[in-house]
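The values are calculated or read from the model by the stated rules, or taken from the named source; none is laboratory data. Quick caveat, the model's predicted, so the values are computed rather than measured. Because the Cβ atoms are built from the backbone with ideal geometry, glycine has one as well, and the counts that use them run over all protein chains shown.
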Amino acid sequence: MNILLVDKHHQAYVNNLNAAIAKYPDLAYGCVDCILGDIANVPEDIRQAVINNGGGHKNHTMFWEIMTKPDTSKLEGPLKEAIDAELGGYDAFVESFSQAAATRFGSGWAWLVVNKDGKLEVTSTANQDNPLLEGKTAILCLDVWEHAYYLHYQNRRPDYIKEFFRVINWDKVSENYEKALKPHHQ
């Protein structure tokens, strides 16, 4: 992966978000999570730019944080128990998540989220939409925009998805899960 390209790509989302909210000083001091979670109150003239660029920043930040070296992290603890109880076990989760990622038409993201009821759910979103727009808290994501995998996998998105499970940092995802269960996230 070209780190310079990644840095410039991600920085563009930050720059474009800052430009979009510049004429609304109250938004300039808000956190991205708060702004996306309350998108209905973002002025209409910048709402889509905030979704695209705030989502792009938030989504990519999580994506970088939840990866580690291949085969170095193990799913365990409360998150494993929740996946077993709510999603039918690890294998069923992998199948569901892989399906969400593989069938996302065009560009977007696959997600493991905590929904408003505090339960795990697998979903996907188009473009840079973030689950916060639907009141859900993401704990794991996979970028399925072609630029994320094309250099190494060309048009073989299923191969990219399969390899993703080898680089998940389950400690970070578990930390995200525990934070998502705290009362201010429900």
- Query: Among the helices (runs of 4 or more DSSP H) contained in the stretch 84-186, which hold 3 or more residues that are without any contact (Cβ under 8 Å) to a residue 24 or more places away in the chain and buried (at least 17 other Cβ atoms within 10 Å of the Cβ)?
  - Reply: none
- Message: I'd like the full set of residues that are closer than 17 Å to ASN130 by Cβ and of a type in the set (Phe, Trp, Tyr), limited to the stretch 7-45.
- Response: TYR13
- Quick check, is SER107 assigned by TED's automatic domain parsing to the domain that holds LYS136 and at pLDDT below 95? yes
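Given the structure, is ASN52 of a type in the set (S, T, N, Q) and surrounded by 13 or more Cβ atoms within 10 Å (Cβ to Cβ)?
yes
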- What about ASN16, is it of a type outside the set (Ser, Thr, Tyr), touching a Gly at 6+ places or on another chain (Cβ under 9 Å) and not assigned by TED's automatic domain parsing to the domain that holds THR125? yes
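Take TYR29 and decide whether it is hydroxyl-bearing (Ser, Thr, Tyr), surrounded by fewer than 19 Cβ atoms within 10 Å (Cβ to Cβ) and in the same structural domain as VAL113 (by TED's automatic domain parsing). Walk me through how you get there before you give the answer.
On the way: hydroxyl-bearing (Ser, Thr, Tyr): yes; surrounded by fewer than 19 Cβ atoms within 10 Å (Cβ to Cβ): yes; in the same structural domain as VAL113 (by TED's automatic domain parsing): no.
No, not satisfied.
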